[in-house]
Amino acid sequence: MSADNDQQAKEQLLDLAAQFYDQFELGEIPHMSVPTRTKSNIEYDEEKEVWVYGDRESTRSANSVRGARKLLKAVYTIEFLANQLEQDRSSTLRELYYLSESWDNEEAQFTSQDESNGLIEDLEIVSGVTREDFHMRPEESGATIMGPLYLREQTRRGEREIHCQEDVGEGGYQIPNNPDTIEFLDTDADFILAVETGGMRDRLVENGFDEEYNALIVHLKGQPARATRRITKRLHDELDLPVTVFADGDPWSYRIYASVAYGSIKSAHLSEYLATPEAQYIGIQPADIVEYDLPTDPLSDSDINALESELDDPRFQTDYWEEQIELQLEIEKKSEQQSLASRGLDFVTDTYLPERLDAMGIV
């Protein structure tokens, strides 16, 4: 962010703290309301084409000792974040948890990182400022891009221009914590292929898939970090690139796709900023398991429960997903991306992906 934006973020945080003081002056019990972050409280926004929080809220109130502690921790955290912005510093979510142990009031200290993470999410929602704009960073995700993209990145050492094939090694270009510091200069890419696993990402790069098909290969590295979802959305919106997601054939990987396309429950307040509703799922599909007779593992009880839960998840209530999930429950099998190697190391790049991309109208 620019200095002006840093100042704006700081002011919005301090305005939030000032609201607590105003409530005191009015004789009100200090409180803070945030949307309930549960699956039952997300709904589809037809205009924005993403899932957002509904009307149900939870209130953090000082009318109990537990609630008062939460607001105390919020005030201490706001002060820390405001000072961090003033000094143009940054810190990780993990560091915030440990930093609280140095605060002069033991009641303000966090008991776990989940608690401090949750508070940062609360502050994002009520202040309208993202944690990236707080200068808060997660631990390094290690997610990367490989493909014909030329960009300019803002760093503490100044600007640098990078080509995400010619100027990087086999590992690709590492996505920064705040992709909004990147300017896209030029691209020859035709589409984005977001890949769940490192093994499959490496197979695609070794086989030259990015060069042959002008693909931007984005390594999701499992459940994608916010920075990964943000840069994927920007690439789609600003460069008009179709987004495809290539993951394992199991319920947990379908949720990886859903987080890219529609957002996640925890970050539904940022769906418009992070989600790419036009993203399409390539596979592995349950239909692929049958068609290609792929090596499989049996569904576990937790897999079955997850699939049944997805049938009730608004992100999966389409004819396509209902058909695929019901098929998987019927065959009681799951399969990994790399099971395609049972047909040879080149099958995924010579046959599977080209055929799927052609059927989807992308190549």
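The values are calculated or read from the model by the stated rules, or taken from the named source; none is laboratory data. Only a predicted model underlies this, so the values are computations on that prediction, with no experimental measurement involved. Cβ: placed from backbone, ideal geometry, glycine included. Neighbour counts: every protein chain shown. All accessible areas refer to the heavy atoms of the entire protein, side chains included, with ligands and DNA or RNA removed. Shrake-Rupley method; radii C 1.70, N 1.55, O 1.52, S 1.80 Å.
Out of the stretch 269-312, which residues are β-branched (V, I, T) and without any contact (Cβ under 8 Å) to a residue 60 or more places away in the chain?
Going through the stretch 269-312, the residues β-branched (V, I, T) turn out to be 276, 282, 284, 289-290, 296, 304.
Within the stretch 269-312, T276, I284, I289, V290, T296, I304 qualify.
Please give the number of the condition T92 fails out of (1) on the phi > 0 side of the Ramachandran plot; (2) open to solvent by less than 40 Å² (accessible area, probe 1.4 Å); (3) not acidic (D, E). Checking T92 against (1) on the phi > 0 side of the Ramachandran plot; (2) open to solvent by less than 40 Å² (accessible area, probe 1.4 Å); (3) not acidic (D, E), the one that fails is (1). Total residues in the stretch 259-313 satisfying the condition of being open to solvent by 10 Å² or more (accessible area, probe 1.4 Å) and assigned to a strand (DSSP E or B): the figure is 4. Take the conditions (1) modelled with pLDDT of 90 or more; (2) over 30 Å from S91 (Cα atoms); E166 misses just one of them, which is (1). Please indicate, with yes or no, whether at least one residue in the stretch 280-298 is in contact with a Ser or Thr (Cβ under 7 Å, 6 or more places away or on another chain) and closer than 28 Å to N41 by Cα. There is at least one residue in the stretch 280-298 that is in contact with a Ser or Thr (Cβ under 7 Å, 6 or more places away or on another chain) and closer than 28 Å to N41 by Cα.
State whether one or more residues within the stretch 128-135 are surrounded by fewer than 17 Cβ atoms within 10 Å (Cβ to Cβ), over 20 Å from E211 (Cα atoms) and aromatic (F, W, Y).
Within the stretch 128-135, not a single residue is surrounded by fewer than 17 Cβ atoms within 10 Å (Cβ to Cβ), over 20 Å from E211 (Cα atoms) and aromatic (F, W, Y).
Checked across the stretch 147-159, the condition of being assigned to a loop (DSSP other than H, G, I, E, B) and either surrounded by 20 or more Cβ atoms within 10 Å (Cβ to Cβ) or hydroxyl-bearing (S, T, Y) (or both) holds for at least one residue. Only a single item in (1) open to solvent by 30 Å² or more (accessible area, probe 1.4 Å); (2) closer than 30 Å to I289 by Cβ is not met by D186, and it is number (2).
Looking at the structure I just gave you, is N105 open to solvent by 40 Å² or more (accessible area, probe 1.4 Å), in contact (Cβ under 8 Å) with a residue 24 or more places away in the chain and not assigned by the TED database to the domain that holds S267?
Answer is yes for this residue.
Among the conditions (1) open to solvent by less than 10 Å² (accessible area, probe 1.4 Å); (2) closer than 19 Å to T276 by Cβ; (3) over 17 Å from the mean Cα position of the chain (by Cα), D210 misses just one, which is (2).
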